[in-house]
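Before any comments, here is the structure.
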Amino acid sequence: MYRDILSLVGGTPIVELKKLRRDGMARVLVKLEYMNPTGSHKDRIAIYMVREAERQGKLKPGGVIVEASSGNTALSVAWVASRLGYKAILVVEEEASPVKIGLIKALGAEVVEVSGGYRKALETAREIAYREGGVFLNQYDNEANVKAHYETTAREIYMQTGGYLDAFVMGIGTCGTISGVAMYLKEKLSNVKIVGVVPRGAAILDGPGSVGERIEGLSHNGIPGIYERYRRFIDRVESVGFEDALKYMRYAIRFEGIMGGLSTGANLCIALKIAEELREGIIVTLAPDSAMRYSHLLS
Ligand SMILES: Cc1ncc(COP(=O)(O)O)c(C=O)c1O
């Protein structure tokens, strides 16, 4: 019995792939982040960023929280704000899935939809925070984003694998997850390989301004501040096209019963490639959110 639903964040299970991995490949373990209360790994950072703003005295009781997000962070922030009695204003890219937007509104938060990618969303969020006297969390640059994954996701992975893992594969959106997990694992394991995943044509590989294929949660046309600060922890970055992400999302559902979303498909596509290269050992990746958010892509 839990008295407070906020305490249900984290502690997600890890499951091993059975069918998609063939003999002669490393084992692949998937951490099911869609089992967090709002359905994604972003619940972890929403709590950390809000608590940090409180600690720094920027957020007072009943205050206003503003965030820019492709959807998952917006939903997590709306949820945390509703639990803690803050007003939330979320700037969401127009293409974000309608399910996410509906849920954010159901939580009592305000949604501002913008077109023009994540830069435009950031600019708009900054303006709103200034006008409303609110706190702009800015997940793309907020150290609490990295800290959340360093202190929770990474420790859980280390404990759940007993410290036996050879590689960690993760899509780069804000770069918070891969940075926090990489920093922790590299402190503990001298040989662990950290592999980032971006959409084909993303700015991180093809240069600032390049707009990659759209994989919700990973697409952006700029380079996040966190990536600039933590890129030294990432050994390699691989790209995935939209069609492959969708194909592997379908494979995960059909052959493994893993109901992960589009970025789960992207992560699995690269995790299996690395599993083939390594031939033995253990690779961990994440199912950041759920296929339920992308059911429009499955029909
Ligand atoms: C579905 C999904 N997958 C992956 C990511 C990437 O995670 P991070 O922002 O920690 O790099 C995000 C981030 O928004 C996401 O929403």
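Since every read-out is calculated from the coordinates, none of them should be taken as a lab result. The shown structure was predicted, so the numbers you read here are calculated from the model rather than taken from an experiment. In this analysis, Cβ positions are derived from the backbone assuming ideal geometry, glycine residues included, and neighbour counts consider all displayed protein chains.
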key: Charge tally in the Cβ shell below 11 Å around residue 192, where Lys, Arg are +1 and Asp, Glu are -1, residue 192 excluded   = 0
message = Using a Cα-Cα cut-off of under 25 Å, which lysines could be cross-linked to residue 19, ignoring same-chain neighbours fewer than 8 residues away?
response = 31, 193, 247, 273
inquiry  = Could you work out the pair-distance distribution P(r) of the chain from its alpha-carbon pairs, with 10 angstrom bin width and percents rounded to whole numbers?
reply    = 7, 30, 38, 21, 5, 0
request  = First measure r as the distance between the Cβ atoms of residue 276 and residue 210, then evaluate 1/(1 + (r/R0)^6) with R0 = 22 Å and state the FRET efficiency to the nearest 0.05.
outcome  = 0.20
inquiry  = With equal scatterers on the alpha carbons only and no solvent term, can you work out the Debye log10 of I(q)/I(0) for segment 169-299 at 0.12, 0.13 1/Å?
reply    = -0.43, -0.51
Distance histogram for segment 234-299 (every C-alpha pair counted, 5 angstrom bins, percent rounded to whole numbers) = 4, 18, 28, 25, 15, 7, 3, 0
ask   = What's the center-to-center distance, using Cα atoms, between segment 130-176 and segment 55-95 in Å?
value = 17
Mean ellipticity per residue at 222 nm, deg cm²/dmol - from DSSP H runs of n ≥ 4 across the chain, formula -39500 (n - 2.57) = -11500 deg cm²/dmol
ask   = In angstroms, what radius of gyration and Dmax does segment 110-238 have, counting Cα atoms only?
value = 15.9, 50
ask   = If the limit is 18 Å between Cα atoms, which of 60/105; 58/100; 42/147; 120/147; 87/120 go over it?
value = 60/105; 58/100; 120/147; 87/120
note = Within the set 286, 20, 268, GNM on the chain using Cα springs under 10 Å gives the largest fluctuation to 20
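Taking every DSSP beta bridge that has both residues in the chain, what percent is antiparallel when rounded to the nearest 5? List each step's numbers first, then the result.
Details: 5 of 37 bridges.
Antiparallel bridges: around 15 percent, rounded to the nearest 5.
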ask   = So who's got an amide H within less than 5 Å of the one on residue 135, skipping anything under 5 residues away but keeping other chains? H placed 1.01 Å off N, in plane.
value = 64, 65, 66
ask   = Dividing the Cα radius of gyration by the Kirkwood radius, what Rg/Rh value follows for segment 42-136?
value = 0.94
